[in-house]
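**Student:** One structure coming up, written as structure tokens, with questions to follow.
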Amino acid sequence: MAKVMLRENDDGKVLFYVAKKDMEEIIESLEFDADEKWGGNVNLTNGDVWYIKPAPKKLPEELNAKLVSRGED
């Protein structure tokens, strides 16, 4: 598990930041994308897939996420 920070940028896209890796990517898609149930498997622009426990959407937020698969380099 890693601590991640989620926030919206000026274009309304959600940024996914992992401080320990100094990695910031845009979330491309989510398994659950409703305000009342948001998260699940999260696909990032670098190809990584992370898991966020589904919960009501609240941004900005710091939470735990788990790397499911790493994208191709």
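The values are calculated or read from the model by the stated rules, or taken from the named source; none is laboratory data. Bear in mind that the values here come from a model prediction, so they are computed numbers and not experimental data. Note that each Cβ is placed from the backbone with ideal geometry, even for glycine, and that neighbours are counted across all protein chains shown.
**Student:** Check Leu59, Leu67 and return the single one that is part of a loop (DSSP other than H, G, I, E, B), aliphatic (A, V, I, L, M) and surrounded by 11 or more Cβ atoms within 10 Å (Cβ to Cβ).
**Tutor:** Leu59
**Student:** Right, another one. Would you be able to tell me the number of residues in region 3-37 that are in a strand (DSSP E or B), over 18 Å from Lys57 (Cβ atoms) and more than 11 Å from the chain's Cα centre (by Cα)?
**Tutor:** The qualifying residues number 1.
**Student:** Same structure, new question: Out of all the residues in region 46-56, which are loosely packed, with under 14 Cβ neighbours inside 10 Å and either of a type outside the set (D, E, K, R) or modelled with pLDDT under 95 (or both)?
**Tutor:** Gly47, Ala55, Pro56
**Student:** When region 43-57 is examined, which residues are found to be basic (Lys, Arg) and under 16 Å from Lys3 (Cβ atoms)?
**Tutor:** Residue satisfying the conditions is Lys53 alone.
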